[in-house]
Amino acid sequence: MKEFKPKKSIVILEIFIYLILANAALFLMSKFVDSYVEINLFKVLVGMFDIYCLYYIFLTGSLKYFINERGIVISTLFGIRKINIDFNTIDGYYTVSGAIKGFKLTGFGRFRYAFGRYVIENVGVTHMFATSSSELVYIHTNSMSYAISPIEANEFVDSLKTKGKEFKTFKINKNKHTEIYKDKKVFIPFILVTIIIIVMILVPFLLYLSNKLPVQMPLSFDSNFYPLVQGTGKNFAFKQMSYGVLNMIILVCMYYASYFHAKYDKKSAYKYIYISLAIALTFLIVQIRILNNFM
């Protein structure tokens, strides 16, 4: 088995900078924005972004490429995750240098490096493991293409040639069937978000109609969950309903973002629905805490 190391780049440094900037923004927001809902929502989003960044930092730092008798192995996360590409499934390769031409579906990347899933010119949907855009090697299969950036790019290409693989360009294929609502990974979170929205809207409204809400209810809070503005039960019910409508709009936007991405790669479409789910859960937890503390 021959090991090929990826080219060195500033990708880990850049991701680490993004990580610092996101948490610095959260720190500054907590100092200057005194609103419980906004702060907690931003904490959830930054927390998700932190996990996202750390995943790609570890993925990049542990990345290695291998060629053995059976095929190509892309090893990441210290060997925990391995992608095996059998030579029999490879129908060609494509090499190019310079800025990465394509658009991102998911992951991290710019013109000089890319990780995640991209739609690449002359290649199609590609799983990127490229630390550098100089001498990129694209390996094309029927199901998915892969991009790597080994230091010994010429030697790697020679290994492909000895296996009878040829330099080719490929068309960008779109999925003809993008009925993502039939996919359980989209359908289940979509239904969960819908249920959460219905609960967020109906519970305060039904409590108001049944006169179970106090005469006064808090409408806004500081970052320490201390009430800033008081209103009637009716004001509270309608404000919570407005949060439900807001989440409904977010859900629709995220669904159509998922639909667009599913045209190229269904796996890249899932993240948007789960973002909507995280946001809806945050609003629901805040509502539960308000009702639990002030009823």
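If both residues of a DSSP beta bridge must be in the chain, then about 90% of such bridges are antiparallel. Relative protection proxy for 8-15, 78-85, 60-67, from highest mean packing down: 60-67, 8-15, 78-85 (other beta-carbon atoms within 10 angstrom). Our summary gives the chain a relative contact order of 17 percent, counting only alpha carbon pairs under 8 angstrom and 6 or more residues apart. Measuring between their Cα centroids, the stretch 1-58 and the stretch 225-295 lie 22 Å from each other.
Only lysine pairs 8 or more places apart or on separate chains count here, and in the stretch 1-120 those with Cα atoms under 25 Å apart total 19. Can you give the FRET efficiency for T95 and Y18, using 1/(1 + (r/R0)^6), R0 = 41 Å, r = Cβ-Cβ distance, to the nearest 0.05? For R0 = 41 Å, the calculated efficiency reads 0.90. Reported to the nearest whole Å, the Cα centre-to-centre distance from the stretch 87-130 to the stretch 65-86 is 17.
Normalised size of the chain, defined as Cα radius of gyration per 2.2 N^0.38 Å with N residues, equals 1.27. Roughly how many nanometres apart are two label points built 7 Å out from the Cα toward the Cβ at L45 and F32? Reported label-point gap for L45 and F32 is 1.6 nm. At a probe radius of 1.4 angstrom, the accessible area of the stretch 1-157 per residue rounds to 49 square angstrom. Take K2, project a point 7 Å from its Cα along the Cβ direction, then tell me which residues of the stretch 125-141 have their backbone nitrogen under 17 Å from it. 136-139, by backbone N distance to the label point. Taking every DSSP helix (H) stretch of at least 4 residues in the chain, weighting each as -39,500 (n - 2.57) and dividing the sum by the residue count yields a mean residue ellipticity at 222 nm of -16500 deg cm²/dmol. Projecting label points 7 angstrom from Cα along Cα→Cβ for R289 and Q216 puts them 2.2 nm apart. So which lysines pass the test for K234, namely a Cα distance under 16 Å, with those fewer than 8 places away in the same chain ruled out? K234 reaches K212.
Counting only protein heavy atoms, what percent of the accessible surface of the stretch 1-151 is carbon or sulfur at a 1.4 Å probe?
Within the stretch 1-151, the accessible surface is 62 percent carbon and sulfur.
Peptides 44-51, 158-165, 116-123, 234-241, ordered by how many other C-beta atoms sit within 10 Å of their residues on average, highest first, read 116-123, 234-241, 44-51, 158-165.
Available extension along the chain between I83 and N68 is 4.1 nm, counting 0.36 nm per residue and deducting the alpha carbon span.
The values are calculated or read from the model by the stated rules, or taken from the named source; none is laboratory data. Remember, it's a predicted structure, so these values are computed and weren't measured experimentally. All Cβ positions, even for glycine, are placed from backbone atoms using ideal geometry, and neighbour counts span all protein chains on display. Heads up: the accessible areas ignore ligands, DNA and RNA and are worked out on the full protein's heavy atoms, side chains in. Shrake-Rupley method; radii C 1.70, N 1.55, O 1.52, S 1.80 Å.
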